[in-house]
Amino acid sequence: MAIAFHERYSAPTEQAAIAACLQNIASGGFYTRALCGLFRTGFGVPNLLLTPSCTHALELACHLLHLHQGDEVVLPSYNFPSAANAVLLAGGTPVLCDISPDTQNITAQTAANCFTPRTRAVIAVHYAGVACEMEPLLALCEQAGAALVEDAAQAVNAFYENKPLGTLGRFGAYSFHSTKSYTCGEGGALICGASDLPAAEIFREKGTNRTRYLRGECDRYTWQGVGSSAVLSEPAAALLFTQMQSAGEITAKRLALCAAYNALFEPLERRGALRRMFVPAYAQPNGHSYYVRFAGASLCERVRLALLEQEIDAKTHYVPLHLSPMGQGLGYGESDLPESRAAFETLLRLPLHTGLTLQDVEQVVQAVSRAVGGA
Ligand SMILES: *Cc1c(COP(=O)(O)O)cnc(C)c1O
């Protein structure tokens, strides 16, 4: 592929960090502690538990919600299946809601449309690292006595009114999967408040208080409750530490490329050929992705194939959960949640990674322009 969709950033210090880590690969070691410290001091995230994936973090969050049969959790249909699975695994019922066509995020309105007396929580996705409008969502949840969980998989180092995403709800979940901007191949984190931290630590360490033991707070650890093994390995933490040390550079580069796309697409938007990605004033994104929307599914597919012919890899995104075999099994119909379907059919994500140049961005924009019938 001449212009790849995604490429991993490689930090100059990563080889040395991995080599040093191999001296002692026991989990919870130097790099795990350094990484948690970096999140605390450098990113404003005080309580962060590293997990093997964002999926694990969401499962941990849903476990800690203590759902009972019939309890409902509202989440967007335009989403990865992880959050919906986490609700089902915790014994609850996922209720799929629609999104705003501006941001592809849920809003207080689209979520409220799905509230019932059984609503126990909302899982909000910050799509493309652009914050949901949190104030009305938090107010809605507070009023209904529901918890707000942030699926901030794409929103590490992104902000809502300068507050770090993942820290605004009762729980937040990050992803460091290989497709994300800061990555260790597979990885994640749960963010929670001080009151949920002890129970989260116990679940994550096979139901034991081993985390307290490692801190020297007790002289042996024992089985305390239901748990699983959801700890990030130390070599992964070492790699991720070097990525997060470079987060400023990674983010600046990605945001500059997004700004270039945005400037170069302006004439096409004025002509009505497409709609550019929109970032509300309350959101300070991290350059997780850049996308455009087209007027219809066939135009979107035509552009995607035209780019592919020039070896430019552009990607559509989620098949909405309500249109999937599992969603159909849960009773959803084809005509439900029309904005989620429209995003699926007309949104195209463009190449974006730290190896991309401004010339590459120009080339992509020219290819899109030709494909929609421009100059
Ligand atoms: C990437 C992603 C996930 C899954 O993350 P893993 O770390 O692979 O489990 C979940 N939700 C959203 C919104 C994502 O973008």
- request: Please specify each residue of the range 316-375 satisfying the condition of being in a loop (DSSP other than H, G, I, E, B) and within 13 Å of I99 (Cβ to Cβ).
  value: H317, Y318, P320, D336, L337
The range 152-170, residues that are within 11 Å of the ligand (Cβ to nearest atom) and either open to solvent by 20 Å² or more (accessible area, probe 1.4 Å) or in contact with a Cys (Cβ under 7 Å, 6 or more places away or on another chain) (or both): A153
statement: When K180 is run through (1) buried (at least 16 other Cβ atoms within 10 Å of the Cβ); (2) more than 15 Å from the ligand (Cβ to nearest atom); (3) not in a helix (DSSP H, G or I), the failure sits at (2)
task: Residue by residue through the range 157-194, note down the ones that are among the hydroxyl-bearing types (S, T, Y) and in contact with a Lys or Arg (Cβ under 9 Å, 6 or more places away or on another chain).
output: Y174, S178, S181, T183
query: Quick one: is L239 within 21 Å of H6 (Cβ to Cβ) and open to solvent by 50 Å² or more (accessible area, probe 1.4 Å)?
result: no
message: If I go through the range 114-129 residue by residue, how many of them are farther than 19 Å from A342 by Cα, in a loop (DSSP other than H, G, I, E, B) and not basic (K, R)?
response: 4
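Of the residues that sit in the range 189-205 and are over 30 Å from T251 (Cβ atoms) and crowded, with 16+ Cβ neighbours inside 10 Å, which one is nearest to the ligand (Cβ to nearest atom)?
It comes out as F203.
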query: What is the number of the single condition among (1) more than 16 Å from the ligand (Cβ to nearest atom); (2) open to solvent by 20 Å² or more (accessible area, probe 1.4 Å); (3) under 16 Å from T32 (Cα atoms) that E186 does not meet?
result: (1)
- prompt: List the pairs whose first member sits in the range 150-170 and is closer than 18 Å to V74 by Cβ and assigned to a loop (DSSP other than H, G, I, E, B), whose second member is open to solvent by 20 Å² or more (accessible area, probe 1.4 Å) and within 16 Å of the ligand (Cβ to nearest atom), and whose Cβ atoms are under 8 Å apart, counting only residues at least 6 apart or on separate chains?
  reply: A153/F80; A153/H177; A153/K180
query: Considering only helices (runs of 4 or more DSSP H) fully contained in the range 1-112, which possess at least 3 residues that are surrounded by 16 or more Cβ atoms within 10 Å (Cβ to Cβ) and within 16 Å of the ligand (Cβ to nearest atom)?
result: 54-64, 82-89
- request: Tell me, please, whether a residue that is of a type outside the set (G, A, S) and farther than 19 Å from L356 by Cα can be found in the range 244-259.
  value: yes
message: Given the criterion open to solvent by 50 Å² or more (accessible area, probe 1.4 Å) and either of a type in the set (G, A, S) or without any contact (Cβ under 8 Å) to a residue 24 or more places away in the chain (or both), identify the matching residue among S229, S246.
response: S229
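The values are calculated or read from the model by the stated rules, or taken from the named source; none is laboratory data. Keep in mind that this is a model prediction, so the values were computed, not measured. No Cβ is skipped: glycine too gets one built from the backbone with ideal geometry, and neighbour counts run over all protein chains shown. The protein model used for the area step is the full one, side chains on, heavy atoms only, and it has no ligands, DNA or RNA in it. Shrake-Rupley method; radii C 1.70, N 1.55, O 1.52, S 1.80 Å.
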